[in-house]
1. Scan the helices (runs of 4 or more DSSP H) fully inside region 317-383 and keep the ones with 3 or more residues being within 30 Å of Asn294 (Cβ to Cβ), charged (D, E, K, R) and modelled with pLDDT of 95 or more.
2. Can you go through Ala212, Ala199, Ala194, Ala216 and tell me which one is surrounded by fewer than 13 Cβ atoms within 10 Å (Cβ to Cβ) and within 26 Å of the chain's Cα centre (by Cα)?
3. Among the candidates Gly129, Gly94, single out the residue that is over 18 Å from the mean Cα position of the chain (by Cα) and touching a residue at least 12 places away in the same chain (Cβ under 8 Å).
4. Just to be sure I understand the filter: pairs with C-beta atoms under 6 Å, separated by 6 or more residues or on different chains, first member in region 186-208 and closer than 19 Å to His146 by Cα, second member surrounded by 24 or more Cβ atoms within 10 Å (Cβ to Cβ) and hydroxyl-bearing (Ser, Thr, Tyr). Which pairs pass?
5. Among the numbered criteria (1) in a helix (DSSP H, G or I); (2) out of contact with any helix residue (DSSP H, G or I) (no Cβ under 9 Å at 6 or more places or on another chain); (3) of a type in the set (A, V, I, L, M), which single criterion is violated by Ala293?
6. Across region 64-114, which residue is nearest to Arg21 (Cα to Cα) among those that are among the β-branched types (Val, Ile, Thr) and surrounded by 15 or more Cβ atoms within 10 Å (Cβ to Cβ)?
7. Consider Leu218 carefully, then state whether it is part of a helix (DSSP H, G or I) and more than 21 Å from Val140 (Cβ to Cβ).
8. Does any residue of region 24-33 turn out to be under 27 Å from Ala293 (Cβ atoms), touching a residue at least 24 places away in the same chain (Cβ under 8 Å) and buried (at least 19 other Cβ atoms within 10 Å of the Cβ)?
Amino acid sequence: MPLPDEPSTLLGGLSPAQFMRRYWQKKPLLIRQAIPGIQAPLSRDELFDLADNDDAESRLITHFRQSWAMEHGPFAPDELPSVKKRDWTLLVQGVNLHDDRARSLLDRFRFIPDARLDDLMISYATDGGGVGAHFDSYDVFLLQVHGKRRWRFGAQRDLSLKEGLPLKVLQHFEADEEWVLEPGDMLYLPPHIAHDGVAEGECMTCSIGFRAPSAAELSGQFLYHLAERMEEMSGGRGKGEQRYRDPTQPAVTNPAQLPPLLVERVGAILANIEWTEKEVAGFLGTYLSEPKANVVFDAPQRPLNEKRFIERAKQSGLKLDRKTVLLYDKHAYFLNGERELMSPKARKWLPELADKRYLEGKRFVTLSGESSMTVLLHEWYCAGWIQVDANA
C-alpha cells in the first residue's frame, strides 16, 4: 500500500494524494506497467474450481451467434464452454474473500478508505469474449493480469440500454479512446464512463470495484437502523415505545377515509425524530462492515486455548482474516457489522490492527500485558475473524 505522498508505480508515478486530487471521480487514467511482472492471483484452473464453489458468486456470459446470454453459477467443470471456443467470459466476484493472493492484491488499493473498497473480481475470457459496452455506477481499476484485452471507453450523452437482453448493454456506444492492455497495465475509470473490453486471445482481468450505495439505499437502511436503535435505547420505556394516541378524534361518517388528525399527529412524531453525527457514523460503520450474505467465517478446527494463543501470537503475530472488515472512528469500532465502544485501552492497539490488518509478534508482546486485549483477540480468533501467524 503506497503512502499518501510517495510516488507509486501502481499509479504511474503519481502519489496517491495526487491521484485522488486529479483523477478520482474526475477522469480516466491509463497506467502502463502499474505492476510489472504481475502474475494472475489464481490460475485458470483455480478460477474454474472457485466458480464451482457454492459460496462464490459467478456468472457465465456468452455472445454466440450475435446473441447475448448470461447464467449464474456455481458451474461444474463440464458446464463451462471449451477454452478453445470464442466469445465467452467467466466472471467470479469477491475473489478476495476466498484467496489470500487476491486479498493481497486488493490491499494495494487501500490508499482509498476501506469503507469504500468493495471487492476484487476476476474476469476470464476466451478470444473475443467480453460483456458488451456498459457503464458502472462506481469507480473501477481494470488490471490486466494475463493475455491482452482491448478497451474502448468514453463519456456518453446517451445512456439508454438495449432492450430484451440479460445484461446491461448500451444502445449507442461511442468511444473517445482505445487501448490494448497487456499484463501489468491498468485502466482507472470513474463512475458512468462507458467502456467495452474485448479479449484478444485468452485473457484474465482483475477489476477492483468500490461501494457507491444510492441515496435511496442509504436512507432506507439508516431509517431502519435508527428504528432499531430507538427500540434498544428505550428498553420498552422510552420514545420508541410510546403509542399513538388521539383523545380528540371525533366520530366519523366516512370510516374508510384516512383521518386528517392521524396524518397530522404522525407527521409531528416523524418531525421530532433527530439524529447526531455520532449516530450517522454508527450506522455507516455497522452497515459498511456487514459481511455479504455469502460470507462464512471458518473457525479453527482445534482452537488454541488463550494461553497458547498468546504464546503463538508473541512468536508469529496475528492478522485479520481476509473476509474480516474492521473499521473505527473516534467513538467506536465496527467489526463485521457489530459496533462496540472504543475503550482507552483498545485505542492503544485496535486502530493499528485495523489500518495494517496485522500485528507483528514483537508489537503483540508490548501489548500483551493488557488482559482485556488478549481476551478479546482470543474470542475473535475462536470465531475465525483473526488468525495467528501474520507471516502465513
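1. 350-356
2. One residue alone meets the criteria, Ala216.
3. None of the other options fit; the residue is Gly129.
4. Qualifying pairs under 6 Å: Met204/Tyr124; Thr205/Ser123.
5. (1)
6. Taking the candidates together, the pick is Ile112.
7. no
8. Checking region 24-33: not a single residue is under 27 Å from Ala293 (Cβ atoms), touching a residue at least 24 places away in the same chain (Cβ under 8 Å) and buried (at least 19 other Cβ atoms within 10 Å of the Cβ).
The values are calculated or read from the model by the stated rules, or taken from the named source; none is laboratory data. For clarity, every value in this text was computed on a predicted model and none was experimentally measured. Every residue, glycine among them, receives a Cβ derived from its backbone with ideal geometry; neighbour counts consider all protein chains shown.
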